[in-house]
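*Asks:* Structure below; questions to follow.
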Amino acid sequence: MKRTLSVPGIAYGGDYNPEQWPEEVWAEDMRLMREAGVNLVSVGIFSWALLEPSEGVYDFSRLDKILDLLHDNGIAADLATPTAAPPAWFFRAHPEALPADRDGRTLSYGSRQTFCPSSPAYRQAALRIAGALAGRYADHPAVRMWHVHNEYGCHNAACYCDTSAAAFRRWLRDRYGDDLAALNHAWGTAFWSQWYYDWEEVLPPRATGAVSNPTHQLDWRRFCSDELLSLYTAERDVLRAAAPTVPATTNFMVNFSFDALDYWRWAPELDLVSNDHYLRSTDPEPQIDIALSGDLTRSLAHGPWLLMEHSTGAVNWQPVNRAKSPGQLRRDALAHVARGADGIAYFQWRQSKAGAEQWHSAMVPHAGTDSRIWQDVVRLGADLKALAEVRGSTGTAEVAIVWEWDARWALELPSQPSGELRYLDLVRAWYEPLWRSGVAVDFVRPDADLTGYRLVLAPNLYLVDEAGAANLTSYAAGGGTLAVGFHSGAVDENCHARLAGYPGAFREVLGVRSDEPFPLLPGEPVALSGAVPDGATGSLWSERLRLAGAEAVASYADGPLAGVPAVTRLAHGTGSAWYLATLPDPVTLAALLDRVREEAGVAPVRTAPPGVEVARRRGPEADYLFVIDHTGQGAEVPVAEGSFELLTGKETSGTVTVAPGDVAVVREPRGQ
Ligand code: GLA
């Protein structure tokens, strides 16, 4: 059954935590929410201790009032299960549910998300409160969505206690068909005397004196993701049983450094995919991160999604928390809409007076409504209202970037040829030039159906299984254009090296073979020559590559591998397969990807001046072109005749003019 969010137009709101405030404030909240055009708030995310003061004893009086108040004011509730923050009484009764870290330290309660994901007592308590909420509010007219838990794994992705160890063993028995020899083979335990003779010998990868087994660590990450997923599905099923038509979501964190969950496995379990996104103060171009994470979230959702959290200004969990510049709140929010968000929400509605997040920005700041943030919040509400018709429209990408959590985890295991390789950095390096050129991108799994794409990029696919490798190979062999980055195809799903030369699984389709990697030290790039811009360099990686059918596009011009091919191309009928055996500097990488993309016949969604972001959503009757000026200079961008700019409500034919730092959303008639 397809369960959809019944809120008109683009959803707008944030986490609403009125329990932090006296009731007098709630009436003002309603007035201000209406003023800002808020139509959906997430309620009760961290309310467990107040909702269930002691085991099995509930106090719903506050939540009853809040939901009624919201409904009376025409605001929908995304009602949360409060299971990310079990109360103190729970841990006093069940100290065994506290998690242990890698070093065996048991952590204490007194914060949030400090529980063992495998604890039976936790699971039971979580399902009990979820059931109580579902029973009471399934038919409440304000409740339009369930917000299950909060950011699974944010603080407790892995627990190393004995309970978790037993759960890990159960998961492993299932994975290896109860065959310990199969586990020993997969983990390569003949090495360093790690052979297991009894399942009870198998532990989580706790702190060890030397490096622990890589496949052990990889299976652990898979287990941790699945374990949390099983908590999500268990809660969701309880909610679904009580309210069969209400959609359920949980907020993902697809960007930044969080990498604990394999969201490809999670996304199909959600009725609506939602994501949280925060900017890093040190990122000079956070708008690229917004676009990347938005494209990835849309790809996980296979369509529109909800931005469940971002910030109106500074966060409070970085060393220095930067406020947003003038106009940035609007640009950021609309940039998420450009990438497929059908809802925009913030953490949180009203900035807390007390508690760990008192210095985190909110929609109603400490300063109150006499503040720039509030003015921007109200303006954004009007903007989103004007974009109502955009809801439901999707992306139009002809380029796919291969993204795989397994591959990310494996690449970043210790004891690699280079400890400098970061999956997200490599993907971002390849994504950036596409963003700058206004090229639309989807993200796909290695074994995805690629027929709709003209170009497939795999910036890094260190680990790939046979099915994924075969899929990418047949895509290129069948005339698609494929570009693969270094240190790809190197290992199979068990982290076993593919023998007879690198890049393992992709040697044949790329027409190259290398016999030895030569990783580069930080700050020691090598020069590149050939069909590359003057001054081109490569960093991070080089390898002694031999052509085996491919042509050399560029070679190392100095260093230990002078004269050896660094970038190669092999024609396959109408398509081609490219190998980038180093990380070219940004200008060179952009030039190479431009060439690859032009060969593949991929055009930008629109040509725009540098620093002006363009993205397109496709609706059933029209396209929506988003133009976002990040230059502060303003821009003029060509649009179809007979277009209409939704934010200003004005016709705009032939071109659209965007004021400095501003955004335009242009409805273009179909077929132009
Ligand atoms: C996360 C959490 C929120 C809040 C914000 C602060 O996204 O889900 O509860 O802590 O971070 O940025």
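The values are calculated or read from the model by the stated rules, or taken from the named source; none is laboratory data. These numbers come from a predicted model, not from an experiment. For neighbour counting, all protein chains shown are included, and Cβ atoms are generated from backbone atoms with ideal geometry for every residue, glycine included. Quick note on the areas: whole protein, heavy atoms, side chains included, nothing else; ligands and nucleic acids left out. Shrake-Rupley method; radii C 1.70, N 1.55, O 1.52, S 1.80 Å.
*Asks:* How much FRET efficiency would the formula 1/(1 + (r/R0)^6) give for Asn184 and Ala467, where r is the Cβ-Cβ distance and R0 is 30 Å, rounded to 0.05?
*Replies:* So the FRET efficiency works out to roughly 0.80.
*Asks:* Across 10 Å bins from the origin, how do the percents of Cα pairs in region 1-131 run, short distances first?
*Replies:* Each 10 Å bin holds this share of Cα pairs: 11, 36, 28, 19, 6, 0.
*Asks:* Let me ask something additional. For region 389-482, what does the relative contact order come out to in percent, with C-alpha contacts under 8 Å and a separation of six or more?
*Replies:* Computed value for region 389-482: 40 percent relative contact order.
*Asks:* What distance in nm separates the simple spin-label points at Glu651 and Trp359, each placed 7 Å from Cα in the Cβ direction?
*Replies:* A separation of 5.4 nm, rounded to one decimal place.
*Asks:* Just order 133-141, 542-550 by mean Cβ neighbour count inside 10 Å, highest at the front, would you?
*Replies:* Output ranking for 133-141, 542-550: 542-550, 133-141.
*Asks:* Next question. Could you state the orientation-averaged shadow area of the convex hull built on the Cα atoms of region 360-425, in nm² to one decimal?
*Replies:* Directional mean of the projected Cα hull area for region 360-425 stands at 9.0 nm².
*Asks:* Could you give the nm distance between label points at Asp425 and Glu598, where each point is 7 Å from its Cα heading toward the beta carbon?
*Replies:* Reported label-point gap for Asp425 and Glu598 is 3.1 nm.
*Asks:* When the solvent-accessible surface of protein heavy atoms is calculated with a 1.4 angstrom probe, in what order do Lys650, Lys324, Lys353 fall, highest first?
*Replies:* Ranked list, largest accessible area first: Lys353, Lys650, Lys324.
*Asks:* Here's another thing I want to ask about it. Taking a ≥ b ≥ c as the square roots of the Cα gyration tensor eigenvalues, with a/c under 1.5 meaning rounded and otherwise prolate when a/b beats b/c, else oblate, which class fits region 1-71?
*Replies:* Since a/c reaches 1.5 but b/c is at least a/b, the shape of region 1-71 is classed as oblate.
*Asks:* To continue, here is another question. Under 16 Å from the Cα of Lys2, which aspartates and glutamates turn up, not counting those fewer than eight places away in the same chain?
*Replies:* Asp237, Glu269, Asp271
*Asks:* Further question: So, R0 is 30 Å and r is the distance between the beta-carbons of Val211 and Arg62; what FRET efficiency does that work out to, to 0.05?
*Replies:* Using R0 = 30 Å, I get an efficiency of 0.05.
*Asks:* Reported to two decimal places, what Rg/Rh ratio describes region 541-639 when computed on Cα atoms with Rh from the Kirkwood expression?
*Replies:* 1.13
*Asks:* May I pose another question? Hey, any idea what Rg/Rh is for region 344-387, computing Rh the Kirkwood way over Cα pairs?
*Replies:* Over the Cα atoms of region 344-387, Rg/Rh equals 1.03.
*Asks:* May I pose another question? Send over the Kirkwood Rh of region 415-553, from the inverse of the averaged 1/r over different Cα pairs, rounded to one decimal Å.
*Replies:* 16.1
*Asks:* Could you give the semi-axes, largest first, of the ellipsoid that matches the chain, computed as the square roots of 5 times the alpha carbon gyration tensor eigenvalues and rounded to whole Å?
*Replies:* 41, 35, 20
*Asks:* Moving on to the next point. Give me the Kirkwood hydrodynamic radius of region 100-221, using the inverse of the mean 1/r over all pairs of distinct Cα atoms, in Å to one decimal.
*Replies:* 16.9
*Asks:* Compute the length gained on full extension between Thr106 and Arg618: take 0.36 nm times their separation in residues and subtract their Cα-Cα distance, giving the result in nm to one decimal.
*Replies:* 179.3 nm
*Asks:* Next question, about the same structure. So, by mean Cβ neighbours within 10 angstrom, what's the order for 630-640, 589-599 with the highest one leading?
*Replies:* 589-599, 630-640
*Asks:* Here is a further query. Quick check for you: which residues of region 640-668 have the amide N under 19 Å from the point 7 Å beyond the Cα of Ser325 toward its beta carbon?
*Replies:* 658-664
*Asks:* Follow-up. Evaluate E = 1/(1 + (r/R0)^6) for Lys2 and Asn73, where r is the Cβ-Cβ distance and R0 equals 35 Å; express this FRET efficiency to the nearest 0.05.
*Replies:* 0.80
*Asks:* If you don't mind, another one. Could you do me a favour and compute the accessible area per residue for region 568-672, 1.4 Å probe, result in Å²?
*Replies:* With all protein chains present, region 568-672 gives 41 Å² per residue.
*Asks:* Each residue of region 414-426 in turn: what ³J(HN,Hα) in whole Hz from Karplus with 6.51, -1.76, 1.60 and θ = phi - 60°, glycine and Pro shown as x?
*Replies:* Per residue, the Karplus-derived 3J(HN,Hα) values read x, 6, 7, x, 9, x, 8, 8, 10, 3, 4, 5, 5 Hz.
*Asks:* Now a separate question. Taking 8 Å as the Cα distance limit and 6 or more residues as the minimum spacing, I'd like the relative contact order of the chain as a percentage.
*Replies:* Reported as a whole number, the value is 10 percent.
*Asks:* Which percent, nearest 5, of DSSP beta bridges in the chain are antiparallel?
*Replies:* Counting DSSP beta bridges with both partners in the chain, the antiparallel share is about 55 percent.
*Asks:* Let me ask something else about it. Write out the cysteines belonging to the chain for which the nearest other cysteine Cβ is not under 4.7 Å, or none if no such cysteine exists.
*Replies:* Isolated Cys, the chain: Cys154, Cys161, Cys224, Cys495.
*Asks:* Another one. Order 274-287, 167-180, 429-442, 477-490 from most to least packed using the mean count of other Cβ atoms within 10 Å.
*Replies:* By packing density, highest mean first, the sequence is 477-490, 429-442, 274-287, 167-180.
*Asks:* Can you give the helix-only mean residue ellipticity at 222 nm for the chain, where every DSSP H stretch with n ≥ 4 adds -39500 (n - 2.57) and the sum goes over all residues, rounded to the nearest 500 deg cm²/dmol?
*Replies:* Helix contribution divided over all residues of the chain: -9500 deg cm²/dmol.
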